[in-house]
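Structure first, commentary second.
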Amino acid sequence: MKKLYSNIGKKLTTLAMVCGGIGIFCIAVGVIVELLTFFDSFNGILLLSCGLGGLLCLLSSWPLYAFGQLVDDVHQLAGNGSIQASASPVDELPEL
């Protein structure tokens, strides 16, 4: 189980890139099929559904990628010891 959850930030960014690629592929397939079936009865419906589905998949991959990058950055900071666990708070108030 440890191998499944290790390096999760990199796996999230990879998943986001795959989802973005699927979105671009769906948009491309919709455009190609629409051009090939220009005078068919479902003209426009396929392009609209593939376009909206692909755009939704592409746009939803951005927050997933950003979250994976944040997880990776935080894990890197914790591994380097840059985060101080025992940071003492400052008791003095600034002068006004």
Probe 1.4 Å, all chains present, heavy atoms only: Phe67 accessible area in Å², nearest 10, is 120 Å²
Extend 7 Å from the Cα of Ser49 along its Cα-to-C-beta direction; within the range 1-31, residues with backbone N under 15 Å of that point are 26-27, 29-31
Distance in nm between Gln76 and Met17 label points, each 7 Å along Cα→Cβ, equals 1.4 nm
For Leu36 and Met1, extending 7 Å from Cα along the Cα-Cβ vector and measuring point to point gives, in nm, a value of 4.7 nm
Here the tail fraction of P(r) beyond 18 Å, over all Cα-Cα pairs of the range 1-60, rounds in percent to 48 percent
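The values are calculated or read from the model by the stated rules, or taken from the named source; none is laboratory data. On a predicted model such as this, the values are computed, not experimentally measured, just so you know. Please note: Cβ atoms are built from the backbone with ideal geometry, for glycine as well, and neighbour counts cover all protein chains shown. Protein only, heavy atoms only, side chains kept; ligands, DNA and RNA dropped before computing areas. Shrake-Rupley method; radii C 1.70, N 1.55, O 1.52, S 1.80 Å.
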